[in-house]
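One structure is given here, and the rest of the page talks about it.
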Amino acid sequence: MAQDKATTWDRLSRLWADDHVPTLPLEGCRYVVISDLHLGDGGSADDFHPNEAVLLDALTHYRQDGYSVVLLGDIEEFWQFDLPAIEGRYGGSVYAALRALGDDRLHRVFGNHDLEWGGYRDPARRHSQQPGIAAEALKLVDSAGQAVCLLVHGHQGSLDADKWAWFSRFVVRLFKGVEPLARLTGLYGERSAPKSPIAKDYEQVMYAWAKDHHALLVCAHSHRAMFASRFYAEMLQDQIAALQAKSGMSRMRETTRREAYREIARLSEEYEEERSKGRVIETVDPNGAPRPCYYNSGCCLYTDGITALELADGEIRLVKWDKEASGEVQRHVYHSSTLDDVLARVRGEKNEYQSQPQHGHTAMPSKAKNSLSDPLTCRSWSCIMGNEPASYASGSHTAVPGVPSSVGRTHEPKKGGQHTDTHV
């Protein structure tokens, strides 16, 4: 799937310069960016429904903590389902949780799979007698009213999702009828932010625009979560490296060491999923350390949870909400940095190497609060896995000294083959 750079740059530049694009204040507000649910009818072709409980728990947390929710496109899967079928399945759950926020705390941006907003009554809003309205973009502004961040779904300039969307939609509608059989026969593997056909240069194009315009750009669409112009897989490798260093300390208590092994095993499984789904991609900036100007919210279709971006308390955070083996939903903060630091780097006012990198991965119950603040820069990850036991790299955990083979697994191993994501 091709990404037309000229079209992408033109569309983003027009939105960035357009005074009619809705704006939201950044200072003193809390936002969470959620995208790519692809809500269906709850049947076998609906990839989201296994994560319904996780999202509901997350939305409850954000409502209670005073967040506004930005729905960054592809919330509904209109390429395969009609709104009555979607609302019939999720009207009392997902839509009810969104309505509980209040219309002033819910902001909708359309994607290529839910372009229809404008003709539909929006079931996510309390006062929805009028047709729902979704913008193509939102801008976050600072205390002086200056735009500092552009939020778009990110399909702009994509040939299959933008220019030829009518044909892509037709093909996906046809596929819906055979998807259950394809799953049964193994031709269409396990659900979950599956392997993305989005162009490998997609992030490079988006990043280049953001860097050139000294803007903070937040997208969705690709189902590939990114933080500070770095992939989610890179974050996982950083976390693994930090835990390996920690577990190698000679004076560490044995119980703490075993906990570190378990966390390494869990993160390694997540990394293997990222790799198998084609989401380990070359750096966005071949000329050196990337500027932290591009972010991606990921999606809500992972086998064990959802990803989101939080802009709150003067920070920006990449988080993942997981349903653990115990059934408890936990919020994992994979990376965080202060917005002041991010914006200074985006504008080129601060050198990428002025602060030493720190690594950390925090998991906490979904009702807990936190305010982690990790620096943006991370060491090169090209050889991070080099000190890792071979069992980790292969996805097995039986070779970890003193750790039973079952330790560290938070969900069942994947079944079935890989498949192409029809939702991007």
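The values are calculated or read from the model by the stated rules, or taken from the named source; none is laboratory data. No experiment lies behind these values; they were computed from the predicted model shown. Using ideal geometry, Cβ is built from the backbone for each residue, glycine included, and neighbour counts are taken over all protein chains shown.
For (1) outside the structural domain of A225 (by TED's automatic domain parsing); (2) assigned to a loop (DSSP other than H, G, I, E, B); (3) over 18 Å from R63 (Cβ atoms), each residue gets a yes or a no:
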| residue | (1), (2), (3) |
| --- | --- |
| C299 | no, yes, yes |
| I306 | no, no, no |
| K320 | no, no, yes |
| G327 | no, yes, yes |
| H332 | no, no, yes |
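In the stretch 1-28, what residues are surrounded by 15 or more Cβ atoms within 10 Å (Cβ to Cβ) and either part of a loop (DSSP other than H, G, I, E, B) or without any contact (Cβ under 8 Å) to a residue 24 or more places away in the chain (or both)? M1, D4, V21, L26 - these are the residues of the stretch 1-28 that are surrounded by 15 or more Cβ atoms within 10 Å (Cβ to Cβ) and either part of a loop (DSSP other than H, G, I, E, B) or without any contact (Cβ under 8 Å) to a residue 24 or more places away in the chain (or both). The residue that is nearest to A6 (Cα to Cα), among those in the stretch 129-153 that are at pLDDT below 95 and either outside any loop (DSSP other than H, G, I, E, B) or in contact with a Phe, Trp or Tyr (Cβ under 9 Å, 6 or more places away or on another chain) (or both), is E136.
Taking the condition without any contact (Cβ under 8 Å) to a residue 12 or more places away in the chain and either of a type in the set (S, T, N, Q) or out of contact with any Leu (no Cβ under 8 Å at 6 or more places or on another chain) (or both), does A53 pass? No; evaluated as a whole, the condition is false for this residue. Among the residues making up the stretch 294-312, a single one is in contact with a Lys or Arg (Cβ under 6 Å, 6 or more places away or on another chain) and among the aliphatic types (A, V, I, L, M): A312. Kindly indicate the residue of the stretch 58-84 that is more than 22 Å from Y120 (Cβ to Cβ) and within 20 Å of the chain's Cα centre (by Cα) and also surrounded by the most Cβ atoms within 10 Å (Cβ to Cβ) among those meeting that condition. Looking at residues that are more than 22 Å from Y120 (Cβ to Cβ) and within 20 Å of the chain's Cα centre (by Cα), I get A58.
Filtering the stretch 31-75 to residues that are of a type in the set (S, T, Y) and at pLDDT below 95 leaves only S44.
Of the residues making up the stretch 233-269, those that are within 22 Å of the chain's Cα centre (by Cα) and polar (S, T, N, Q) are Q237, Q239, S268.
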